[in-house]
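What follows is a set of notes on a single structure, which appears directly below.
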Amino acid sequence: MEGSFGSLSARRLMGTVLILLGIIAGIAGWLLLRRAGSGWRVGRLLAAAPHRSLAEARALAQSSEPAYIRVHGRVDSTEEFPGDRGMPVVYRRQRLQRRSGRSGWSTFDDERLAVPFGLRDSGERVGIDADALGEGLVVVPRISDGVASELPEDAIERPLPELPPQTPVRLRIEQVSTVDHATAAGVPVLDASGEVTLGPGLGRPLLLTNLDIDEAMRVLASDRRLSVLVASASLVAAPLLIVAGLVALLLDL
């Protein structure tokens with residue numbers, strides 16, 4: 001009899017431990033994703049937004065029901081400007097960053113230049129609210145690392161904070177060109193001229209990438225790849241541990 005009660009007690013203990021481990025794994029995964037910055041949310045929204053054609057985006061903009069969707073088309077503009085390597089660019093973001101901690105970078109100068117542009121496909125066009133683009137832009141960046149004393153004079157157009165000469169700095173350039181095809185996610189609306197424009201809405205940001213979705217995910221995870229991988233594993237393990245713990249407790253009834 002004692003052996004039977006001891007076995008039941010051990011099973012109950014194991015079930016409780018598994019549930020607690022599952023809860024801890026879930027909390028740890030959530031905290032790691034939060035530490036990874038906005039990239040994980042951008043990736044989740046980009047993958048989850050339902051895909052619609054540009055014609056369907058126009059119909060949604062004309063309806064009274066706002067919707068957060070994903071569209072795809074060729075980048076289109078009549079006002080592009082020359083960018084790096086002579087490419088016709090419609091949006092360019094240049095950031096100067098300094099080392100913050102062991103692996104992080106903090107921005108101390110953020111310069112953006114944009115002209116009106118949109119996406120075109122099958123005779124339809126949807127404009128992009130370029131002023132709303134920020135962390136939602138996902139492209140392969142051009143990165144140059146060095147120290148503060150090596151910053152070229154033409155890299156900046158305004159005064160910067162004083163930095164010790166040997167401070168690690170990074171020049172990060174992200175741009176969108178009219179040679180690109182791009183995917184954007186946002187809420188389509190009619191602007192004052194009756195044109196359809198995609199922008200942020202429903203509590204979600206405007207997203208734009210000139211990459212395939214899978215490649216965009218890899219770029220988003222590149223800065224904190226280990227944290228994202230560990231967080232994903234923790235979030236997958238959490239419900240499995242909790243279910244296993246519940247099964248152990250039910251077997252003990």
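Filtered by the rule that a residue be open to solvent by 70 Å² or more (accessible area, probe 1.4 Å) and either modelled with pLDDT of 75 or more or part of a helix (DSSP H, G or I) (or both), the stretch 221-234 gives Arg225, Leu226, Leu229. Within the stretch 60-81, residues that are small (Gly, Ala, Ser) have Cβ atoms under 7 Å from residues that are assigned to a loop (DSSP other than H, G, I, E, B) in these pairs: Ser77/Val115; Ser77/Pro116; Ser77/Thr178, counting only partners at least 6 apart in sequence or on another chain. Of the strands (runs of 3 or more DSSP E) that lie entirely inside the stretch 100-217, those containing 3 or more residues that are among the β-branched types (Val, Ile, Thr) and either surrounded by 14 or more Cβ atoms within 10 Å (Cβ to Cβ) or modelled with pLDDT of 95 or more (or both) span 168-177, 181-190. Taking the stretch 70-91 as the range and being among the basic types (Lys, Arg), under 18 Å from Leu207 (Cβ atoms) and either outside any strand (DSSP E or B) or open to solvent by less than 50 Å² (accessible area, probe 1.4 Å) (or both) as the test, only Arg70 passes. Residues in the stretch 38-94 that are among the basic types (Lys, Arg), within 12 Å of Gln175 (Cβ to Cβ) and touching a strand residue (DSSP E or B) at 6+ places or on another chain (Cβ under 8 Å): Arg92, Arg93. Just checking, does the stretch 32-40 include any residue being open to solvent by 90 Å² or more (accessible area, probe 1.4 Å), more than 30 Å from Ser193 (Cβ to Cβ) and at pLDDT below 95? Yes: the stretch 32-40 contains one or more residues that are open to solvent by 90 Å² or more (accessible area, probe 1.4 Å), more than 30 Å from Ser193 (Cβ to Cβ) and at pLDDT below 95. Can you confirm whether the stretch 121-129 contains a residue that is of a type in the set (Asp, Glu) and within 21 Å of the chain's Cα centre (by Cα)? Checking the stretch 121-129: at least one residue is of a type in the set (Asp, Glu) and within 21 Å of the chain's Cα centre (by Cα).
The values are calculated or read from the model by the stated rules, or taken from the named source; none is laboratory data. Note that the structure is a prediction, hence the values are computed from the model and not measured. All Cβ positions, even for glycine, are placed from backbone atoms using ideal geometry, and neighbour counts span all protein chains on display. For accessibility, only protein heavy atoms count, side chains too; no ligands or nucleic acids. Shrake-Rupley method; radii C 1.70, N 1.55, O 1.52, S 1.80 Å.
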